[in-house]
Each structure stands twice: as C-alpha cells, then as structure tokens.
C-alpha cells in the first residue's frame, strides 16, 4: 500500500512505509523471476534472486540501463514475501533510489504512471521512450527464453531417392 507522502512524489519522501518485510531466503522457491530489459544496446536478461536491485544509468547500479532519458538511480527492485512461513516471494518496483529520491521521468507500469508496484507475470515497465522491461514469473519446469531442448527438434532427414513416387 502506498502512503500519501510516498505517492506525492516529493524527493524527500521515504519508502520505509511501503516496503514490506523482505524475504532473504530464495531456497526452495518454485519460481524463477526474470526481468528482460530492452535499451539502446539491445536485450538483456536478468534472473532475479537477491533481496534488492538498483536500476539506472549509473555504473554502480545492479541493473544498468543505457539511455540519456533514464535517471542515474531510476528505480529499485525489492524482494517481498508472499505468504508467511513459506519461501514464496515476488518483487516490488519503486520509483527512484532506496532512500526515497524519485527519478526525473518516473515509471510507467502497464501504461500507468506509478511510484510503487508489486510485479506480476508479464508486467511491462517503461523507464523512458527507448527503455522498457518485462517481468516474468516462471515455474521451475519452464525453460527460460532462448533455451531449447534438443527433443524439440526431432528431424528425420529423408533421401529423395528413398521415396517412391505416388501417382
């Protein structure tokens, strides 16, 4: 839940009221959390498992975005426990850095401006006109994009001389 002070967009607001208790354990989790970023340098995939990520154009950011329209510390991803007593978690994205300083251009989540959003499968995050991300929550038995199983390509080659012409 976003507090009134956090939603106001003041640069001195603090996220302590909107960041729920963090789950530090990723063991026995049955999902893979994937963030696919598209910026001026192409597509990058990040498997998320840490408690916090900084996102922006600063070289010190955990997830670096390449665009002059992205703030140095544009957003923060925070791991959030789903159910007490389980290792189930998701991620919340916050506009700006962990100290509450908002980005210059804000965040668009699924077409709506937002300062805080608990991510769900296939949520689209727009950082600037040329920089966006999609969040995926994948079950463990699902292959990540770009990975293939050799059984997918069961190809039998047939020599044309081995077949009979059918009249």
In nanometres, what is the gap between the two model label sites at residue 122 and residue 40, each 7 Å from Cα along Cα-to-Cβ? 3.1
Protection-proxy order for peptides 127-137, 88-98, each taking the mean of Cβ atoms within 10 Å per residue, highest first: 88-98, 127-137
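Contour minus end-to-end for residue 68 and residue 30, with contour as 0.36 nm per residue of separation and end-to-end as the Cα-Cα distance? Walk me through the numbers on the way to the answer.
Values: separation 38, 0.36 × 38 = 13.68 nm, distance 3.72 nm.
Using 0.36 nm per residue and subtracting the Cα-Cα distance, I get 10.0 nm.
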Additional length obtainable on full extension of the chain from residue 58 to residue 87, 0.36 nm per residue less Cα span: 7.3 nm
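Each reported figure results from applying straightforward, stated rules to the coordinates on display, with no laboratory input. What you are looking at is a predicted structure, and each value in this text was computed from that prediction instead of being measured. Glycine gets a Cβ as well: all are built from the backbone with ideal geometry, and neighbour counts include every protein chain shown.
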